[in-house]
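The values are calculated or read from the model by the stated rules, or taken from the named source; none is laboratory data. Because the structure is predicted, anything quoted here is derived from the model rather than measured. Heads up, the Cβs are rebuilt from the backbone with ideal geometry, glycines too, and the neighbour counts pull from every protein chain shown.
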Amino acid sequence: MNLSHSNLKTLVIHLDDPSTYFLHKIYERKENMDVINNASKFTTETLKEKMKEYDRILLLGHGCPDGLFNNRNGIEGVHFVVDGTFSEILSKKDVVAVFCNADLFLAKFKIKASFYSGMFISEVSEARGYDIFASEGEIEFSNYLFSSLLGLTLNMDPVERIDLVKESYVSETSLVIDVNRNWLYSENTGGNTRLKKLKQIYFSFYDQMDEPEKTKAKIRFDIVHAISYPEPRKISDAIMSGFLWNKFTNEGFEYWKKVSDKYA
């Protein structure tokens, strides 16, 4: 794409949600940008057509390895406002993606991005999921520092942008910021690396299991493709978050319970 970054015609998809309001700092008061905060007038197909008009797409909000979550301000009747069916369109755009597990979404659907996040702790409850006890004030400081920095650097060269954001998004007292910094990537280098690391960790626990549980667990991981839970620290953690018995497999809860009791 032979356009300077400041001249990129940009579409921002950031559905209204109080918990991600801080992300508006990334795109507020910038020229050449259109923003979708309410996608209720769109269908998946009309949103895809809309994207074709733009050079750059910003995907902001809450998400998982399967895409950017929909909400009450989104497209009616779907779980994701943007999912893997958008991969062909997104592969032709400059993509900036800030939502939890954006790295795994990009890796799963082979989409390149000039800036993106892995997990991103933006709420107290998310911090506690990683055994980090952060105050509301610490979370708010982290959120607004990050979004302000990305907003200031958005139109820079991607290499300069990631370097400046990581150099400036620092704190001597905030473990949240330290953790989040390690989940910021550029040019789609981090997602595949993180997925491989997660797979190695989960498989190291599954290798401690007997057959047929070991093989079934490994197959199940590859079917799901990516795990959005914290890295497991013991075998029971791996079973709890890796089996995903109820949605992604034909195995019932009783089988999972049997395996869980056996290896807890």
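Odds and ends about this structure:
- Residue among Ser40, Ser87 that alone is outside any helix (DSSP H, G or I), touching a Lys or Arg at 6+ places or on another chain (Cβ under 9 Å) and free of Cβ contacts under 8 Å to residues at least 40 places away in the same chain: Ser40
- Lys93 being of a type in the set (D, E, K, R), over 13 Å from the mean Cα position of the chain (by Cα) and crowded, with 21+ Cβ neighbours inside 10 Å: yes
- Filtering segment 17-37 to residues that are in a loop (DSSP other than H, G, I, E, B) and among the polar types (S, T, N, Q) leaves Asn32, Asn37.
- Close pairs (8 angstrom Cβ cut-off, 6 or more residues apart or separate chains): assigned to a loop (DSSP other than H, G, I, E, B) and exposed (fewer than 14 other Cβ atoms within 10 Å of the Cβ) in segment 162-173, of a type in the set (Lys, Arg) and at pLDDT below 95 anywhere: Val170/Arg181
- Checked against (1) assigned to a loop (DSSP other than H, G, I, E, B); (2) under 11 Å from the mean Cα position of the chain (by Cα), Ile132 passes all but a single condition, namely (2).
- Enumerated strands (runs of 3 or more DSSP E) restricted to segment 44-83, each holding at least 1 residues that are under 20 Å from Lys110 (Cβ atoms), of a type in the set (Asp, Glu) and in the same structural domain as Lys110 (by TED's automatic domain parsing): 80-83
- Looking only at segment 88-112, and only at residues there that are among the aliphatic types (A, V, I, L, M) and modelled with pLDDT under 95, the one that is nearest to Leu184 (Cα to Cα): Ala102
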